[in-house]
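J.: Pasting in a structure now, in structure tokens, and then I'll have a few things to ask.
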Amino acid sequence: MKHGYVIDSNVLFSAFISGKNVYRLLFSEYTIYLPDFAFLELEKYKQRILKKTKLNEHEFQEFALKLLSNVTVIPSMLISQSVLKRAYQLCRDIDEKDTVFIAAAIEFDLTLITNDKALYFSLQKLNFTKIALLSDIIGNLAAANKPKLP
């Protein structure tokens, strides 16, 4: 069984904006979970992503379908109110918009991947350890997928 991770919006946006193959590898090697809220954010910033990537609407759709084909969406109704409250308590002084991502990680006992170093270090100080930096995950993934010399 593949290892699963929740990714937050900044990881999702990085995947779209950079278009690097390492993101496709990340999304294919691991089971990636996204709270449904992430798609609202993606839609909100879609024009900015199109502008940065210089993709047209059709190219964006094709890339999105390939990238997100193996993503498991977590409907908000599956996250309990008690877990949402706990997640809010953890991130209220950091960034409230991260509540749903932290809640998904807690609810489903998954690790959250983020690019947000302030979030990462702040949560570590609060003894929330189900979080990893994207750079660490990608580093491990790249090392594991290096071709072996005979």
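The values are calculated or read from the model by the stated rules, or taken from the named source; none is laboratory data. Computed from a prediction, not measured in an experiment: that's the story for all the values here. Positions of Cβ are generated from backbone atoms using ideal geometry, with glycine treated the same way; all protein chains shown enter the neighbour counts.
J.: In contact with a Lys or Arg (Cβ under 9 Å, 6 or more places away or on another chain), surrounded by 13 or more Cβ atoms within 10 Å (Cβ to Cβ) and modelled with pLDDT of 90 or more - does that describe any residue in segment 83-95? Before the answer, list the steps.
T.: Filtering segment 83-95 down to residues in contact with a Lys or Arg (Cβ under 9 Å, 6 or more places away or on another chain) leaves 91.
Narrowing further to those that are surrounded by 13 or more Cβ atoms within 10 Å (Cβ to Cβ): 91.
Still in the list and also modelled with pLDDT of 90 or more: 91.
Yes - at least one qualifying residue is present in segment 83-95.
J.: Being touching a residue at least 60 places away in the same chain (Cβ under 8 Å) and more than 9 Å from the chain's Cα centre (by Cα) is the filter; apply it to segment 1-29 and report the residue that is nearest to ASP109 (Cα to Cα). Steps first, please.
T.: So in segment 1-29, the residues touching a residue at least 60 places away in the same chain (Cβ under 8 Å) come out as 4-11, 14, 22, 25-26, 29.
Within this subset, residues satisfying the condition of being more than 9 Å from the chain's Cα centre (by Cα) are 4, 14, 22, 25-26, 29.
Details: GLY4: 9, SER14: 24, VAL22: 25, LEU25: 22, LEU26: 19, GLU29: 19 Å.
So the residue we want is GLY4.
J.: I'm checking my understanding of the structure. Among residues of segment 108-134 that are among the hydroxyl-bearing types (Ser, Thr, Tyr) and surrounded by 11 or more Cβ atoms within 10 Å (Cβ to Cβ), which one is nearest to the chain's Cα centre (by Cα)? If you could, list the steps in order and put the result at the bottom.
T.: Initially, segment 108-134 is screened for residues among the hydroxyl-bearing types (Ser, Thr, Tyr), giving 111, 114, 120, 122, 129.
Narrowing the set further to residues that are surrounded by 11 or more Cβ atoms within 10 Å (Cβ to Cβ) leaves 111, 114, 120, 122.
On the way: THR111: 10, THR114: 6, TYR120: 13, SER122: 18 Å.
So, considering only residues that are among the hydroxyl-bearing types (Ser, Thr, Tyr) and surrounded by 11 or more Cβ atoms within 10 Å (Cβ to Cβ), the one nearest to the chain's Cα centre (by Cα) is THR114.
J.: Just give me the residues in segment 93-104 being under 14 Å from PHE128 (Cβ atoms), in contact with a helix residue (DSSP H, G or I) (Cβ under 8 Å, 6 or more places away or on another chain) and not β-branched (Val, Ile, Thr), in sequence order. Spell out how you get there, then give the answer.
T.: The first filter runs over segment 93-104 and keeps only residues under 14 Å from PHE128 (Cβ atoms), leaving 93-95, 98-99, 101-104.
Those left that are additionally in contact with a helix residue (DSSP H, G or I) (Cβ under 8 Å, 6 or more places away or on another chain): 93-95, 98-99, 101-103.
Within segment 93-104, ASP93, ASP95, ASP98, PHE101, ALA103 meet the criteria.
J.: Of everything in segment 119-134, what is free of Cβ contacts under 8 Å to residues at least 12 places away in the same chain and either among the β-branched types (Val, Ile, Thr) or within 23 Å of GLU29 (Cα to Cα) (or both)? Give them in sequence order.
T.: In the first step, residues of segment 119-134 are kept if they are free of Cβ contacts under 8 Å to residues at least 12 places away in the same chain; the result is 121, 124-125, 127, 129.
Across segment 119-134, the qualifying residue is only THR129.
J.: Report, by residue number, each residue of segment 59-89 that is among the polar types (S, T, N, Q) and over 16 Å from the mean Cα position of the chain (by Cα). Lay out the reasoning, then the answer.
T.: Going through segment 59-89, the residues among the polar types (S, T, N, Q) turn out to be 61, 69-70, 72, 76, 80-82, 89.
Those that are among the polar types (S, T, N, Q) and over 16 Å from the mean Cα position of the chain (by Cα): GLN61, SER80, GLN81, SER82, GLN89.
J.: A further question follows. What number of residues within segment 23-40 satisfy the criterion of being part of a helix (DSSP H, G or I) and crowded, with 18+ Cβ neighbours inside 10 Å?
T.: Of segment 23-40, the ones part of a helix (DSSP H, G or I) are 23-29, 37-40.
Subset that is crowded, with 18+ Cβ neighbours inside 10 Å: 23, 26-27, 37-38.
Qualifying residue count for the region: 5.
J.: Being under 21 Å from ALA105 (Cβ atoms) and among the acidic types (Asp, Glu) is the filter here; which residues of segment 41-76 pass it?
T.: Of segment 41-76, the ones under 21 Å from ALA105 (Cβ atoms) are 41-42, 67-68, 70-76.
GLU41, the sole residue that qualifies.
J.: Go through segment 1-22 and give me each residue that's more than 27 Å from GLU96 (Cα to Cα), assigned to a helix (DSSP H, G or I) and aliphatic (A, V, I, L, M).
T.: VAL22 - this is the single residue of segment 1-22 that is more than 27 Å from GLU96 (Cα to Cα), assigned to a helix (DSSP H, G or I) and aliphatic (A, V, I, L, M).
J.: Still on this model: Could you give me the residue pairs with C-beta distances under 6 Å whose first residue belongs to segment 80-108 and is aromatic (Phe, Trp, Tyr), whose second residue is assigned to a helix (DSSP H, G or I) and surrounded by 12 or more Cβ atoms within 10 Å (Cβ to Cβ) wherever it lies, and which are 6+ apart or on separate chains?
T.: Within 6 Å, the pairs are TYR88/THR99.
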